[in-house]
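Read through the structure below, which is laid out as structure tokens, and then see the notes.
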Ligand SMILES: [Zn+2]
């Protein structure tokens, strides 16, 4: 891999100093804003609670889908931006390098210390995160979970693969599906996301 993640992180940090009157950060072709992770966690986990125990699978899948669609559209915008063209594109030698570019942008956004552990082209992506704010937020408020709780990162892991190996935008979303076999919210040392081709 030839991607210099620090260079991308610095570019995002530098660019994010520019704010519009409403606090919107126009960067990498998309609109960003500073958002409290505690607030996001609260919305997310309270939604799950309100949906009730009988609809856990449904609420979980809705939250993951929302994150995947958002990640898909956002990172599509990012890789078509002039900043990407100028900063990231020159470092990209092959398709797979794009994932490293996405990861560096996600790290710069404050989504966690994402790290690619494994990438099998068109098949499988394994991302490890040691400090997911979703897991931290969950543990702050609840007892340890019985399953992974990092729905945002789980959707995003699928979206990254969708953008590289799925049909051309906007038809490739949900070509991949991610699982979270390890999550700090359920007592594991880190969170791990595995995206594979969706079945059926
Ligand atoms: Zn997790």
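The values are calculated or read from the model by the stated rules, or taken from the named source; none is laboratory data. Worth saying up front: this structure is predicted, and the values here are computed from it rather than measured. Here the Cβ is made from the backbone with ideal geometry for all residues, glycine too, and neighbour counts use every protein chain on show.
Data table
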| item | result |
| --- | --- |
| Number of positions in region 106-118 that are part of a helix (DSSP H, G or I) and either within 20 Å of residue 64 (Cα to Cα) or free of Cβ contacts under 8 Å to residues at least 40 places away in the same chain (or both) | 2 |
| Which numbered condition residue 113 fails, given (1) within 13 Å of the ligand (Cβ to nearest atom); (2) closer than 24 Å to residue 57 by Cα; (3) touching a strand residue (DSSP E or B) at 6+ places or on another chain (Cβ under 7 Å) | (2) |
| Check on residue 113, at pLDDT 95 or above, on the phi > 0 side of the Ramachandran plot and touching a helix residue (DSSP H, G or I) at 6+ places or on another chain (Cβ under 7 Å) | no |
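So that you can scan it fast, the table gives a plain yes or no per residue for (1) out of contact with any strand residue (DSSP E or B) (no Cβ under 8 Å at 6 or more places or on another chain); (2) within 27 Å of residue 149 (Cα to Cα):
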| residue | (1), (2) |
| --- | --- |
| 20 | no, no |
| 25 | no, no |
| 44 | yes, yes |
| 67 | yes, yes |
| 72 | yes, yes |
| 78 | no, yes |
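This table checks each residue for (1) buried (at least 17 other Cβ atoms within 10 Å of the Cβ); (2) closer than 19 Å to residue 176 by Cα.
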residue: 96; (1), (2): yes, yes
residue: 105; (1), (2): yes, no
residue: 108; (1), (2): yes, no
residue: 115; (1), (2): no, yes
residue: 119; (1), (2): yes, yes
residue: 124; (1), (2): no, yes
residue: 130; (1), (2): no, no
